[in-house]
1. Just to be sure I understand the model, the point goes 7 Å from the Cα along the line to the Cβ. What's the resulting residue 232 to residue 442 distance in nm?
2. Please compute the length gained on full extension between residue 357 and residue 185, using 0.36 nm multiplied by the number of residues separating them and subtracting their Cα-Cα distance.
3. Sorted by mean Cβ packing within 10 Å, highest first, what order do the peptides 327-333, 135-141 take?
4. For a protection proxy built on the mean count of beta-carbon atoms within 10 angstrom, sort 452-458, 348-354, 91-97, 424-430 highest first, please.
5. Assuming R0 = 41 Å, what is the FRET efficiency of residue 137 and residue 97, from their Cβ-Cβ distance, to the nearest 0.05?
6. Once a ≥ b ≥ c are taken as the square roots of the eigenvalues of the Cα gyration tensor of the range 345-456, is the result rounded (a/c under 1.5), prolate (a/b larger than b/c) or oblate (a/b not larger than b/c)?
7. Work out, step by step, the length gained on full extension between residue 90 and residue 404: first 0.36 nm times the residue separation, then minus their alpha carbon distance; give nm to one decimal.
8. Checking the a/c ratio against 1.5 first, then a/b against b/c, what shape does the Cα gyration tensor give for the range 189-275?
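The values are calculated or read from the model by the stated rules, or taken from the named source; none is laboratory data. Source: prediction; values computed, not measured. Here Cβ is always computed from backbone atoms with ideal geometry, including for glycine, and neighbour counts include all displayed protein chains. Remember, those area values only see protein heavy atoms, side chains included, never the ligands or the DNA or RNA. Shrake-Rupley method; radii C 1.70, N 1.55, O 1.52, S 1.80 Å.
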Amino acid sequence: MSSSFFIKKKETPAFMKRGKNTTGPKRKVSDKAPAKKSSKHNEEISSDSEAESAQEKAGKEETDYDETPQEKKLRLAKLYLDQLKEEEEKKAEDESFETDLIAGRLQEEVLEQKGMLQRLLAKELIPPDASEIRLLRGHKLPITCLVISSDDKFIFSAAKDCFIIKWDVASGKKLHTVPGGRKGTEDRHVGHTAHILCMAISSDGKYLATGDMNNLIMIWEAETCKHLYKFTGHKGPVSGLSFRKGTHDLYSASHDRSIKVWNVDENAYVETLFGHQDAITGLDSLSRERCVTAGGRDRSVRVWKIAEESQLVFHGHEGSIDCIQLINEEHMITGADDGSVSLWSVNKKKPLSTVKQAHGCHGDAGLEQPHWVASVAALQNSDTVASGSHNSQVQLWKCGQNYRGLEPLFSIPVPGFINSLKFSSSGQFLVAGVGQEHRLGRWWRIKEAKNGIYVIPLKRKPPNPEEAKINE
């Protein structure tokens, strides 16, 4: 571009510009000659000039200077500071969100420790289709007990055939089998030689404990089912086992009416507690240094405070209390042979709620007897519990607000004696151990039943029914 374009003309007003233009949209100006804007050139050059011409017409007189290097540095510094400010604000928002999450988790843990946490899940559950229920066959005799690993990947089951089987939940295949031995082979057989009545798994999945009719407790490595220790000391069949959550302390209950405490890491016996007046039929524990037991025909439920060496006694059932399960640290569910299911608080001597004839009755007219409740289960820290009997139904129940009531949700058809029930930790499925006979005897026999493990999915309602219809 020739320099003559920038020569001054008298008839046009001058807007002086100095220095070099360092920005893209500005016009280049010679160091030697200042520039004046004319309406003629403005029409031909750029939109900047048109804007300035409009300013002239509006009568605004202001001097526009090119950006100097110092001004550019200042502008870029301001941009950088604004960018940093935005990043810090975003980071603060993320940190606030994380803090809220952590606070929420801590609050849940505090409520869990206090036994006040109640996740409302029951209203979301719907009955599964019969085709969705899986049956795992492997035991020859009735299943008596089962446990699920804390990661929900494995099921361990035991039966009257003295076998222990480890199952893979996803595939339904057997991973390990510990065979049972014949009576009289105790000295040379590694495993049980009498009916296995109970089992427990540690919360970290390291140890598996099993108890049998020969008064023995056996400790296994859960991963490989390798035999580790044998605990002796009970003078009657071992009917209940539970690991204290987060530890390797093991609580055991027996028909000899005693509770024993063991340290599995040290392969050591710790102490014995007495109080029940009849054979103990069930035991459970969570993370506190205490356990709860069902006293069978003494019709009592007891809470054992191990550290204080004290116990709390509860009464409410009219028959033998055969099963017990903790819902959280403060509440528990029990079932009895009078057909009732009761909901308890450790702060009340009587049940908060009792459902009589929870599974109906059987027998001739005028001689009806309630179906015995053989097993109960609770989805921890929730409002959902389940019970099993021999009326070919697993019954799911909803606990009322603050555990002040029990309402039936729905029943799931499962033929046979429901000898054991367990919810998975995630609440995605329920497992039922089923047999042709009751786990503690042979009072009845249901020939059409199959000795096996039923894996029952816990289906949820779609989040939005209208969306579900559209998707279908």
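1. About 2.8 nm separates the two model spin labels.
2. Values: separation 172, 0.36 × 172 = 61.92 nm, distance 4.32 nm.
Roughly 57.6 nm would be gained on extension.
3. Numbers: 327-333: 24.0, 135-141: 16.4.
Ranking the peptides 327-333, 135-141 by packing returns 327-333, 135-141.
4. Numbers: 452-458: 21.0, 348-354: 16.0, 91-97: 10.0, 424-430: 17.9.
Listed from highest to lowest mean packing, they are 452-458, 424-430, 348-354, 91-97.
5. Working: r = 49 Å, r/R0 = 1.18.
Efficiency, rounded to the nearest 0.05: 0.25.
6. On the way: a/c = 2.11, a/b = 1.29, b/c = 1.64.
Oblate, because a/c is 1.5 or more while a/b does not exceed b/c.
7. Details: separation 314, 0.36 × 314 = 113.04 nm, distance 4.49 nm.
Extra length from residue 90 to residue 404 when fully extended: 108.6 nm.
8. Numbers: a/c = 1.77, a/b = 1.16, b/c = 1.53.
Taking the square roots of the gyration eigenvalues as a ≥ b ≥ c, the range 189-275 is oblate.
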